[in-house]
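The values are calculated or read from the model by the stated rules, or taken from the named source; none is laboratory data. As the structure is a computational prediction, the values presented were derived from the model and not from experiment. All Cβ positions, glycine included, derive from the backbone under ideal geometry; neighbour counts span all protein chains shown. Note: areas computed on protein heavy atoms with side chains; ligands, DNA, RNA excluded. Shrake-Rupley method; radii C 1.70, N 1.55, O 1.52, S 1.80 Å.
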Amino acid sequence: MAKITVRDIAQMKAKGEKIPMVTAYDYTAARLADEAGIPLLLVGDSLGMVVLGYDSTIQVTMEDVLHHLKAVVRGAKNAMVVADLPFMSYQISIEQALTNSARLIQEGGAHSVKLEGGERVAATVERIVQCGIPVMGHIGLTPQSINALGGYRVQGRGRRDAARLLQDAQALQEAGAYAVVLELVPTQLAGLISQRLSIPTIGIGAGPECDGQVQVLHDMLGLYTEFVPKHAKQYAKLGETMREALARYAHEVGEGTFPTEKESSTMDESILEELAVLP
Ligand code: KIV
């Protein structure tokens, strides 16, 4: 299988093929997702919560994203890697957005960047795209604005908000974004936006009518259980499996049944005898 590109993603929508995407933050997870045939990997700033233990994505820095991105790029053979531009790494000026997008591509090895916002970031998106960097938009619930939004809740339920989201999606498409994430948007509105746009929509908590879906790896594998969002489906309970395995390990070390001969190595007894007589 060849490396996935933005052209492949566009063709998937054209052919009516749904696009799966998942977050990844390290080499091992990237390899596993890649081997599972997932075409799009997102080094999301959700890493602040599920990997670094922050209470939001706001504390995440460019250095955090770059560190995890490099590991994911090493593990992704075929998947296209999208990197989040973290909070305040693109809002100050278009120059700042370009500099940081370039870092994610050049230093980090990402194939595309993602940023939050609609019409208000359209000029920024346009300029990044003009420089040859594919941009994925992100509207609806935008976690970097959580303090302004006042909580993680569905966006676009009312007439005015719904119209604004449609306008935001169109502005991103016009600015040259190749896809747009719709987070926590009512199913019907996400369906309408998906029909109106020629670029794919990637939903998270936005219902089945989006062109693709994205999930946070730790939510879908049952690794992060402090808060399980309604939109997350647990495909495994790896948290429980890990806890049980770690408790068994601790118990076996405690009672002396680990390690056994199988996990140990031996040496020539005569050398040991020589050592034993040394002062
Ligand atoms: O950071 C992230 O994981 C994201 C997804 C929720 C789309 O932006």
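Some notes on this structure:
- Within the set Gln173, Gln155, the sole residue that is touching a residue at least 24 places away in the same chain (Cβ under 8 Å), closer than 19 Å to Val214 by Cβ, in a helix (DSSP H, G or I) and open to solvent by 20 Å² or more (accessible area, probe 1.4 Å) turns out to be Gln173.
- Test: residue in region 41-59 that is away from the ligand (no atom under 16 Å from the Cβ) and exposed (fewer than 15 other Cβ atoms within 10 Å of the Cβ): no
- When the residues of region 129-149 are filtered to those that are under 17 Å from Thr5 (Cα atoms) and within 21 Å of the chain's Cα centre (by Cα), the one that is surrounded by the fewest Cβ atoms within 10 Å (Cβ to Cβ) is Val129.
Matching residues to (1) assigned to a loop (DSSP other than H, G, I, E, B); (2) under 19 Å from Met1 (Cα atoms); (3) touching a Cys at 6+ places or on another chain (Cβ under 6 Å):
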{"position": "Pro20", "(1), (2), (3)": "no, yes, no"}
{"position": "Tyr25", "(1), (2), (3)": "yes, no, no"}
{"position": "Thr28", "(1), (2), (3)": "no, no, no"}
{"position": "Leu42", "(1), (2), (3)": "no, no, no"}
{"position": "Asp45", "(1), (2), (3)": "yes, no, no"}
{"position": "Gly48", "(1), (2), (3)": "no, no, no"}
{"position": "Val65", "(1), (2), (3)": "no, no, no"}
{"position": "Arg74", "(1), (2), (3)": "no, yes, no"}
{"position": "Lys77", "(1), (2), (3)": "yes, yes, no"}
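- The single condition from (1) away from the ligand (no atom under 14 Å from the Cβ); (2) more than 24 Å from Val72 (Cα to Cα); (3) at pLDDT below 95 that Leu197 fails is (3).
- Single residue of region 179-195 satisfying the filter (more than 17 Å from the chain's Cα centre (by Cα) and not aliphatic (A, V, I, L, M)) that is surrounded by the fewest Cβ atoms within 10 Å (Cβ to Cβ): Gln195
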